[in-house]
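Inspection log for the structure reproduced underneath, given as structure tokens.
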Amino acid sequence: MIQRYGGHYPVISAHIWFDGTGLDPRYQYVTVLRDPVDRFISWLYFIDKDVELTEDTRELKVGAQLFLRSEGEETNQTFMRSASNPYVNNFSSVVMRCNASWQQKMVAALSVLTDYDLVGFQADLPQFIEQLAKLLHVINYVSLRPVNVTSSRPQRDGISEKMLHAIRKLTEWDLELYSEIQRMANRQAPTIGVSCNIQPFNREFGDWGFKARKSSNVYWLGSYLTHYLAKDLSTRNGSVAGRALVSNGAKGYLCHGPYLDLDPGHYCAVANGVWITRGVTCNADVCSGKGAVLHAEETLVDLGAKGTEWSLPVDFALDEETTSVEFRLMVPDEHQVQLNTVTIVNEKMVMTILGLEPDSHAANRGVEKQNSGSTLIFPVQMSSKIGLRVGTTLQTTGQEGFLCYGPYMTLSRGIYRVNLMGSIGPQGLAGAYADIVCDAGKKGIHNEPLAITPFNEYVDSTVGKPWMFFLEQDVSDLEIRLWVSNQTEINLCGIVLQQIEET
């Protein structure tokens with residue numbers, strides 16, 4: 001809607017859906033949130049009692065009525081899609097595509113709402129309207145006419161505990177988002193119940209000029225990584241070619257951005273792309289303060305290898321919380337370079353996910369036993385012909401084949417559980433599978449199609465759900481292999497192997 005009408009109207013008020021391209025900088029954004037459980041109850045009874053039965057609404061009404069009759073135990077997919085965590089779904093879609101985990105969407109939605117100019121709560125609607133009117137410099141205003149009102153519905157205390165439990169399960173991520181926004185609002189303006197990025201009278205809504213916003217065009221947001229398509233980064237001498245940026249032959253920064261606010265810790269930024277002209281030497285760095293503070297720099301040199309693909313890691317450390325951190329790639333005159341992606345990994349978070357001390361260094365590790373009796377396998381110990389090394393992690397590149405294989409372990413007969421630790425990108429698993437082999441890959445032991453659970457219980461830090469395999473006899477060269485399609489998007493940070501039963 002904003003893409004269609006933006007620039008023609010000073011105010012747009014509507015149910016707005018987003019497509020992952022970020023907030024339009026020409027506008028300032030305002031929203032009102034409602035308690036997710038109350039919103040669900042209202043939506044449920046609105047569909048049942050007030051939505052007209054048509055071919056388009058039939059499945060929605062059937063699902064709502066089934067939910068009511070079963071007290072939340074049964075429904076259909078149409079109603080589930082409409083009622084399951086709508087806040088997290090909608091606000092995350094500002095900066096993300098589909099197929100992300102609920103945890104990833106939650107992080108994205110919170111980031112988006114903190115970038116909104118004004119966030120209010122329906123429970124405090126009169127105060128919110130008064131505050132908004134002040135910001136708009138509207139002295140006299142009329143009451144808003146209620147729309148989409150549910151004609152008849154019970155209050156929360158009239159809903160059975162059984163149904164309330166089902167509703168809370170379907171809105172658990174919205175409830176977490178709502179609570180966090182409330183906490184932020186109470187810290188900012190405890191007396192009026194709004195979260196406001198505009199102080200009254202400091203900026204007029206009548207000024208419809210460009211408003212600078214933090215970069216919010218992240219393609220893949222995980223608990224420990226941010227992954228950007230080159231086309232979504234700023235450029236001074238490049239042009240967009242599909243998802244990539246291609247330099248125009250003039251000296252300058254092919255990319256700069258994405259201006260992240262980062263906590264203290266160790267990070268790795270990895271760029272990858274293609275040489276268009278050969279024999280190029282480029283300079284890359286990570287900086288903040290619009291280039292005033294340099295955190296790390298590396299040189300990218302084309303050594304004339306057979307392939308044209310390149311990747312460059314830049315490790316950097318931050319001693320304190322740092323704002324507007326950017327990755328820059330400088331390309332010289334008379335050469336053309338293609339940049340595909342930039343990924344930034346928080347190594348401290350990787351260690352936390354793997355259950356290690358934050359200051360551990362996985363890059364120097366291979367396979368090690370944990371106190372829990374499990375074995376931790378680091379990607380550095382695995383072989384890969386198609387993966388991109390991103391710090392201590394391993395990431396898909398759009399090529400089909402085995403992302404990793406190894407590490408040729410000696411294991412005794414028994415039953416084992418496998419957890420692939422990592423992050424799933426927006427395109428999802430897309431047919432990926434894992435298998436267990438031995439005897440130099442000649443003997444197959446187990447094949448496991450990767451899948452996520454219906455309620456996404458594992459997907460924030462694992463690639464699919466945990467799975468098990470059985471060894472009939474001792475082996476001396478066991479391999480765990482992870483096969484991916486050209487559509488799969490996975491970042492692997494480790495494999496946890498645990499013997500759960502000896503036989």
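Subtracting the Cα-Cα distance from 0.36 nm times the residue separation, let me have the gained length for GLU71 to ILE139 in nm, one decimal.
19.8 nm
Expected output is a single nm value to one decimal: the length gained when fully extending between ILE415 and MET184, i.e. 0.36 nm times separation in residues minus the C-alpha distance. What is it?
Fully extending the segment from ILE415 to MET184 adds 78.4 nm.
Considering amide H positions built from the backbone, and no H for Pro or chain starts, which residues 5 or more places from GLY494, or on another chain, come under 5 Å of its amide H?
Hits under the 5 Å cutoff: MET421.
May I ask you to list the lysines whose Cα is less than 26 Å away from that of LYS290, ignoring any residue fewer than eight positions away on the same chain?
LYS211, LYS214, LYS231, LYS251, LYS348
Rg and Dmax of region 37-82, using alpha carbons, in Å: what are they?
For region 37-82, the Cα-based Rg and Dmax read 9.6, 28 Å.
Sort 343-356, 315-328 for me by packing, meaning the mean count of neighbouring Cβ atoms within 10 Å per residue, highest on top. Numbers along the way, then the final one.
Working: 343-356: 21.3, 315-328: 16.6.
Highest mean packing first, the order is 343-356, 315-328.
In Å², what does the accessible area per residue of region 15-62 work out to with a 1.4 Å probe?
Using a 1.4 Å probe on heavy atoms only, each residue of region 15-62 averages 53 Å².
Starting from the Cα of ASP157, step 7 Å along the direction of its Cβ; do the same at ALA14; then give the gap between the two resulting points in nm.
So the two model labels end up 4.1 nm from each other.
At a Förster radius of 56 Å, what calculated FRET efficiency corresponds to the Cβ-Cβ distance of ASP477 and ALA317, to the nearest 0.05?
E between ASP477 and ALA317, to the nearest 0.05, is 0.90.
Among 276-289, 426-439, 482-495, what's the highest-first ranking by average C-beta atoms within 10 angstrom per residue?
Most protected by this proxy first, the peptides run 482-495, 426-439, 276-289.
Please enumerate, by chain and number, the lysines with C-alpha under 17 Å from the C-alpha of LYS49, excluding those fewer than 8 residues away in the same chain.
Straight-distance partners of LYS49: LYS61.
The values are calculated or read from the model by the stated rules, or taken from the named source; none is laboratory data. Source: prediction; values computed, not measured. In this analysis, Cβ positions are derived from the backbone assuming ideal geometry, glycine residues included, and neighbour counts consider all displayed protein chains. The accessibility values were calculated without ligands, DNA or RNA, using every heavy atom of the protein model including side chains. Shrake-Rupley method; radii C 1.70, N 1.55, O 1.52, S 1.80 Å.
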